[in-house]
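Everything on this sheet refers to the single structure shown next.
FYI, it's all coordinate maths here, none of it is from the lab. No experiment lies behind these values; they were computed from the predicted model shown. Neighbour counts are summed over all protein chains in view; Cβ atoms, including those assigned to glycine, are modelled from backbone coordinates with ideal geometry.
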Amino acid sequence: MRLRNAATAIASATLLFQNAIAQSLVSDESSSLIKRDEAPKEQEDPTLNKYFHEPGGDNNLGHYDARYFHGIVSYEERTDTQLHMIRAYLKFFTDQGLDTWIAHGTLLGWWWNGKMTQRLPWDWDMDTQVSGATLDYLGQHFNRSVHHYVSDDEKVKREYLLDVNPWIWERERGDGMNVIDARWIDVRNGLFIDITGLSETKPDSSPGVWSCKNYHRYRTSDLYPMRESIFEGVPAKIPYAYDKILTEEYQQKALVLTEYQGHIWDPSQKEWIKTQAQIEREQKETEDKEHELKDEEQKKMEEEAGKQKGRKR
């Protein structure tokens, strides 16, 4: 207990020191991040303040970056994209000696899968967190940087954009348009990892409480000392009190419910698998889409035939 308390105290002091330094860097007029975006000013229309844009607001379209969106990907492509995307992301942070840890639904996926590997198969995006100091460092040194990735078997090659929101200087929620601080984006299809920074926004009245801009709050002892684990086959860091964090965010039922979103938990495989009803539903959706495409093609052919007849007359 004494050892853990000491580690927590050291972590808290380190975070305070790093954030104090980082805040001075961000306020410096020579900051590359502020210089690039010229310290964005608030607009009367809150939507004009939004930095990251998605092609739509529903559960499907809301999880793509609009700049790289070319259409909704299949379940299989999404699974493959997220697998290599999180591996590339975690490897980059490890190589750079920067702290990051998995969070929210991604952390819940880690918990279910035997505390070993996998995301939740129905989760359209992935979530990670960093300290405010790390977030500022990313803005200073890696903003808009492109990262090349090659899988261990050298069969998969990808590129990812690390894009830091110029509104990271604002550590409160504000108008709610910029709660995501940065993204790690697959430039092939626009799928991304959301990155949010944690800052001690009220050190006088609430010391040791770290929060993001979306009302998630943690005590230093909830986060540190970080646990070392594995996620999607690569080393990953996990918050110390992960069970407490998950219960507060998703309630206890999220840790015991074994059927959700068309999937059922198979304890023998330690994996979420599709239910038969979900498989049939997806097959029907595929068939319906194929029929729609055929109808559209038929309509175009009929319109073209009508135009040709008109020309002959």
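Taking other C-beta atoms within 10 angstrom as a stand-in for reagent exposure, 85, 301, 126 fall in the order 301, 85, 126, fewest first. Using the Cβ-Cβ distance between residue 79 and residue 309 with R0 set to 41 Å, the FRET efficiency from 1/(1 + (r/R0)^6) comes to roughly 0.30. Can you compute log10 of I(q)/I(0) for segment 189-274 with the Debye formula, treating each Cα as one identical point scatterer, at q = 0.19 Å⁻¹? Results for segment 189-274 at q = 0.19 Å⁻¹ read -1.14.
Return the subset of 202/270; 157/237; 91/284 for which the Cα-Cα distance in this structure is over 32 Å, preserving the input order. Among 202/270; 157/237; 91/284, the Cα-Cα distance tops 32 Å for 202/270; 91/284.
In this structure the amide hydrogen of residue 231, modeled in the peptide plane, comes within under 5 Å of the amide hydrogens of 236, none closer than 5 places in sequence on its chain. With 0.36 nm allotted per residue and the present C-alpha distance subtracted, the residue 254-residue 141 stretch has 36.9 nm of extension available. Placing a pseudo-label 7 Å from each Cα along the Cα-to-Cβ vector at residue 169 and residue 293 gives an inter-label distance of 4.8 nm.
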